[in-house]
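Written out below as structure tokens is the structure these notes cover.
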């Protein structure tokens, strides 16, 4: 080992710092010679902005891509996905298949979105077409979220946008739900790790995660909607509700969700749901891959927020570039600590000083709780065959069910 | 005469195909081979031999209980506290709700958890520690003789001598024999599952209860567990069941009972704080409130040695008093009671279905965990079995714990009384409860408790206080039930 890794961070979180210290790394400041910088979004803009002309050397690594916001900014994400869909259509790829209503069969996972106040009129038009449906409204621009609200009356929009205390009063509205108001399951919050090896893309997915429920059950009655806490939300908001519970934080593990769904709805349906979630993740990443700067000094840890409706269809709500590292419960803290640990094991194998000149391949043994979703290197070398064995590294739940599935995509993610 | 024989035939028909029938048949056949059987007295001889072999008749069981000090004193005590709480807080045991309140409750039925329901001043009436106190105080008045070695040489807290099975008996009986060997399970399970999946579909479609029970001994696949349990318990979701549930719900709406406050308190304190079950808070209220009002539950007192608690209801005029069973189902919930229901919420998301399954599980198994009897699945026997197993197989550990004031039962009791609900992770708990249903016995709970101690024996030998022993055994959420049981049963019996 040439020397100890010198690290910097501008995020004072124990889950990070403990992980660095456990590896015997040395803390330095950003004006020193550093090897590893875990930076916040604001900092990355400065590092990579044209003005400063910062050049990263071969032994330096950062935790964001310069244009990570291609996925995290809603408008860019939609733009990229639309472009991706068009490309597939041009190629006449089976993935771009549409149904008789013109809806994409496999690539329809982002709900219809309107930006307020710009698209207000368009939204109203859409709203009036299906007046009994429910919409999700979320303020954008603020990373940790002021919450996601559910509305079913136009008057409520005015109320919420008035109440939001941010200067940026932009809000999005999405159609996420069907017309029957039933219980929503919640949001799956599954941190994702994007690694670009020199050869190509590689996505891994963290197997553990949490889903959130609102502590106050959603009901369609207006009296409930007046209640500030009737919304699906980030923990930040829930903490101030009377019902907030410090033991579980209103969060349920994804494995519990899976057990519950399997027991009550059956295994096939549940596997299908989780397959669809993986599908969303992979497709969205492939959509932005061409525009992402293939910078060897970078890796990215995205957090995916997915809503599941009562028909067990997952919808991509948003992608976060810096998933919250604050821990609200003990379980949460353990999860995040392990997440950082596993991440560091992958990007800095053996805790050594990063060397971005060499090709890095994914150390399969050191994945920890991560599982490979897509490895371009592997995909390219085996593109000729649709061999199940080639996916031995991709443990994606029951393959048995997938091989009998009708959809053409399941055999390969390629 | 005609009616009697018709009903007997009907009963016999129903019994055919059940586990009990096949067990009886098997035992009877075995008895036939015994030399003592004479053709003339065939019926009595077989009956006598059946008894000797361990199959007890309900009527006999009831007689033997009278020898042990009756513990209706526990229920009496509880009822007294209930009455005093009632006077203290000024809440009646039962009252009819005003119409506005009824309407509100109907609207809020699916989300009772949102407000703070119930009276904040109520407190849980009794805890598992109270039950344990009573158990420890049990003495068999017939066993006053000082030569009774079994009692004297027993280091544990339970001082009555009951017949409980030890490991060799359990392993050799068909009881546990279908537990596959530890070496095979890892390799075969996966293949078995896929192979049997096809078989399972026929199991469920043929509605074969005995086969389902047999299958459950190996553990149910997650996707089929709900249906298999329902088959084993003979619960259906017919219109009659749904109507019954709706009737109970109507009773909840019309009347408010003091015990409702106990339920609210219990749910808020236990299930709502649990990582796994907090999501189901509303279901728990729906099930437990209806349960309290279900007089059909009273039937289980026919085979339960306890008697339902009665309370005096004064008539309006104040002149008459009549004793009625209170609460209507005869069961006063104790702290942690809601944990019997919570794991079932993972399996059933329709309240009426959830209710039927819970009720059936209660009247078959759970009531034994807090009623005092000599039944092999009763709490007394389970505790005794746990202590005996531990003392027999790890005497050093038992002695050490006793010396430092950490009687093992004091730690294990809470697991046993809840059948491990809230202590194991849910997927493991469901595997354990698969076996309770499959073997129609709660003994596996006692065995698991012992297995846990054996597993953590090394650490336990190092502790020097009750508190540190508790700490070693505080977190069971990472334990895997089946490997633990197999190591204990098969490694120790060899």
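Restricted to Cα positions, what overall size does the range A:6-65 have along the principal axes? Three whole-Å values, descending.
Per principal axis, max minus min of the Cα coordinates gives 35, 21, 18 Å.
Rank-order A:78-90, B:80-92, B:377-389 by packing density, defined as the average count of other C-beta atoms within 10 Å over each peptide's residues, highest first.
Order by mean packing, descending: B:377-389, A:78-90, B:80-92.
Please report, for the Cα atoms of the range B:228-294, the Rg to one decimal and the Dmax as a whole number; what are they, in angstrom?
13.7, 36
For the range B:408-494, what size does the Cα cloud have along each of its three principal axes, sorted from largest down, in whole Å?
Sorted from largest, the Cα extents of the range B:408-494 read 39, 32, 21 Å.
Based only on other Cβ atoms within 10 Å, what is the fewest-to-most ordering of B:442, B:409?
Ranking B:442, B:409 by Cβ neighbours within 10 Å, fewest first, gives B:409, B:442.
What is the average number of partner chain Cβ atoms found within 10 Å of a Cβ in B:274-283?
Per residue, the number of nearby Cβ atoms from other chains is 5 on average.
Going by C-beta contacts inside 10 Å, put B:443, A:365, A:97 in order with the fewest on the left.
Listed from fewest to most nearby Cβ atoms, that is A:365, A:97, B:443.
Sort A:55-65, B:226-236 by the packing proxy (mean of other Cβ within 10 Å over each peptide's residues), most packed first.
Top of the packing list down: B:226-236, A:55-65.
Quick one: Debye curve from the alpha-carbon atoms of the range B:363-428 only, equal weights, vacuum; give me log10 I(q)/I(0) at q = 0.20, 0.27 Å⁻¹ to two decimals.
After summing over all Cα pairs, the log10 values are -0.87, -1.12.
Fewest to most neighbouring Cβ within 10 Å: what's the order for B:346, A:127?
A:127, B:346
P(r) for the range B:344-494, please, calculated from all Cα pair distances in 5 Å bins and given in %.
2, 9, 18, 22, 20, 15, 8, 4, 2, 1, 0
Read-outs: derived from the displayed coordinates by stated rules, not from any lab. These numbers were taken from a predicted model, which means no experiment stands behind them. Methodologically, a virtual Cβ is constructed for each residue, glycine included, from the backbone with ideal geometry; neighbour enumeration extends over all protein chains shown.
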